[in-house]
């Protein structure tokens, strides 16, 4: 639980406070004092009578009643100390810097549980243990440096790791980001990342609260809770970016299906963030850069104008933006561009990038920005690259940039690379409340991520054409765990409204022969029994005669483990792939992509968390690297993405009501001229 005593305490006691600022208990007192904390501060240190000008108590039993206790003492003494504080001194909030608990040993973990029990019984809050503290506009209870500039509209950061939080702040401060709060939750013994987001969501005030949240997460304890509150905050106008570390642990885990081999915690996180509308980052620098983009006016489209006085960085930025699907539209060759060129120095270019050349001054920068803002209507955002060539008045140029960023309706992204030769000028610009992207590629990557992240997607269940009673009846009648029979797969798919090709499974030659005549040659024959049919030569295509079928039927039945043979009409079309896997905590991850080598070799798949609505399924399809195939590539007919999306949604509904399904492959789905149809599928259940 998070209470007001943690957020805005009237009094703080530092247990283990010190005169030595090289110690956590000493540096946190310095930070609290320098931060202008307005309440009472008490110190407990049996070896000191005064600590940094504050009275030091020798025994915690002597301190007055206190709201918040900061614990910076050896782990073995924490339980007794916290018990006294909670039961006798009315402490309702604790921040534990101390390490040596569940993150180290089982014994430490047991001690941690006892401490949480004491704190819960007292109705108190706990941050930590093993954290660097929290920072907000009321109290600076971190023991680390630097302390960033505080701003009510600055960033809220929540981090599982204190060290990572510190280093993210280092990157952010350099870019000009300001902070509203920092939460280092450490072991999250009581309060997790999800709990902090819940508090921010439940207490959100759009007039006074920060709308930017940066997250570093090591463990997602409750994916549903994280999804609920991140998507809710984004709907309320917030923008959220996050790093989730430690997602590769299952990458080499043995699996018996394509989906099982590909679906892992990383794809689960990808799917969760996509559904929530969270921008996913992979490095501290990237997280800080995305946070800096969030502070600027929102980019509404993908058309960027680049204004520069240095050609090389502008070309680098152009390449980086174009690689990510952004557009740098041609501007020259129009009457408007001709008018702009006449107002710039000889040698300037207006093609986009707009190069005002190295001798261009503040007045030329202003003119170029004005044209991008009001004259060129096909521009959504403006990147300005302006450093110090030693020729122009950088202070005045940055004054112009400051004014234009405040007055323009389009977002302006400043790239000020001269952080050494023009340090004073850059610092002057940043202190006016701006951010600076000193690296143009970092800016491009962040812009692409932000623009490609969809808004929170609906989490509703679409049940059109789904027979829930039939799905349950089929699953309930399956006697044991394992891969289910092809006939049961057929029945399940029909109950879920997923189109699947008619087939026959039999070990009887007369039945096989009769079905083949009815279905018309050519046909496909597959062995039933072995899981990986292709690996044992168990798939035969393009069987065109009864004699050929007779030969292959006999051969297939002799494969070790063969129980029967399945035959079906041979269809032609583009291979697609869909599948699902149950991932602990997250539920079912649904994957989709192009089939064949796209899934086998390129692993070009998109992931979503069930249940899926049509909008999210379409978003998954359009995120595929091979999406151009759906639109029709190299003269080939396109694929009906809407029908594919419906099949993905139907699959999602099946999983919702058949939670026993742990792995499912439809490979391939064939996009034929008559529509998309499942040709082969495997379903593994656990009863």
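The values are calculated or read from the model by the stated rules, or taken from the named source; none is laboratory data. All values derive from a computational prediction rather than experimental measurement. Quick reminder, even Gly has a Cβ in these numbers, built from the backbone with ideal geometry, and neighbours come from all protein chains shown.
Based on this model, can you work out whether residue 169 counts as under 24 Å from the mean Cα position of the chain (by Cα), surrounded by 24 or more Cβ atoms within 10 Å (Cβ to Cβ) and over 21 Å from residue 14 (Cα atoms)? Show your work before the answer.
Working: under 24 Å from the mean Cα position of the chain (by Cα): yes; surrounded by 24 or more Cβ atoms within 10 Å (Cβ to Cβ): yes; over 21 Å from residue 14 (Cα atoms): yes.
So residue 169 passes the test.
Considering only residues of the stretch 10-29 that are out of contact with any strand residue (DSSP E or B) (no Cβ under 9 Å at 6 or more places or on another chain) and within 18 Å of residue 147 (Cβ to Cβ), which is surrounded by the fewest Cβ atoms within 10 Å (Cβ to Cβ)?
Among residues in the stretch 10-29 that are out of contact with any strand residue (DSSP E or B) (no Cβ under 9 Å at 6 or more places or on another chain) and within 18 Å of residue 147 (Cβ to Cβ), the one surrounded by the fewest Cβ atoms within 10 Å (Cβ to Cβ) is 22.
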In the set 184, 192, which member is out of contact with any helix residue (DSSP H, G or I) (no Cβ under 7 Å at 6 or more places or on another chain) and free of Cβ contacts under 8 Å to residues at least 60 places away in the same chain? 192
Qualifying positions in the stretch 457-473 - in contact (Cβ under 8 Å) with a residue 40 or more places away in the chain and assigned to a helix (DSSP H, G or I): 468, 471, 472
Scan the stretch 143-155 and give yes if some residue there is surrounded by fewer than 16 Cβ atoms within 10 Å (Cβ to Cβ) and at positive phi, otherwise no. no
Consider the stretch 104-136. How many of its residues are farther than 15 Å from residue 184 by Cα and either modelled with pLDDT under 95 or not in a loop (DSSP other than H, G, I, E, B) (or both)? 18
Among the listed residues 55, 10, 47, which satisfies the condition of being within 23 Å of residue 180 (Cα to Cα) and more than 36 Å from the chain's Cα centre (by Cα)? 10
Looking at 313, 346, 329, which is the one that is modelled with pLDDT of 95 or more, within 17 Å of residue 444 (Cβ to Cβ) and not in a helix (DSSP H, G or I)? 329
Selection from the stretch 649-675 of residues farther than 24 Å from residue 472 by Cα, surrounded by fewer than 22 Cβ atoms within 10 Å (Cβ to Cβ) and either touching a helix residue (DSSP H, G or I) at 6+ places or on another chain (Cβ under 8 Å) or in contact (Cβ under 8 Å) with a residue 24 or more places away in the chain (or both) yields 670, 672, 673, 675
Which of (1) closer than 28 Å to residue 653 by Cα; (2) at pLDDT 95 or above; (3) surrounded by fewer than 19 Cβ atoms within 10 Å (Cβ to Cβ) does residue 531 not meet, given it meets every other one? (2)
Just to be sure, is residue 495 within 30 Å of residue 617 (Cβ to Cβ), in contact with a helix residue (DSSP H, G or I) (Cβ under 6 Å, 6 or more places away or on another chain) and outside any loop (DSSP other than H, G, I, E, B)? yes
Residue 209 over 26 Å from residue 121 (Cβ atoms), touching a helix residue (DSSP H, G or I) at 6+ places or on another chain (Cβ under 8 Å) and not in a helix (DSSP H, G or I): yes
Restricting to the stretch 163-180, name every residue that is touching a strand residue (DSSP E or B) at 6+ places or on another chain (Cβ under 8 Å) and modelled with pLDDT under 95. none
Inspect the stretch 669-682 for any residue being within 22 Å of residue 271 (Cβ to Cβ) and outside any strand (DSSP E or B) and give the result as yes or no. no
Tell me, which helices (runs of 4 or more DSSP H) lie completely within the stretch 349-456 with 3 or more residues that are surrounded by fewer than 15 Cβ atoms within 10 Å (Cβ to Cβ)? 394-407, 423-430
Count, please, the residues in the stretch 325-348 that happen to be surrounded by fewer than 18 Cβ atoms within 10 Å (Cβ to Cβ), touching a residue at least 60 places away in the same chain (Cβ under 8 Å) and at negative phi. 0
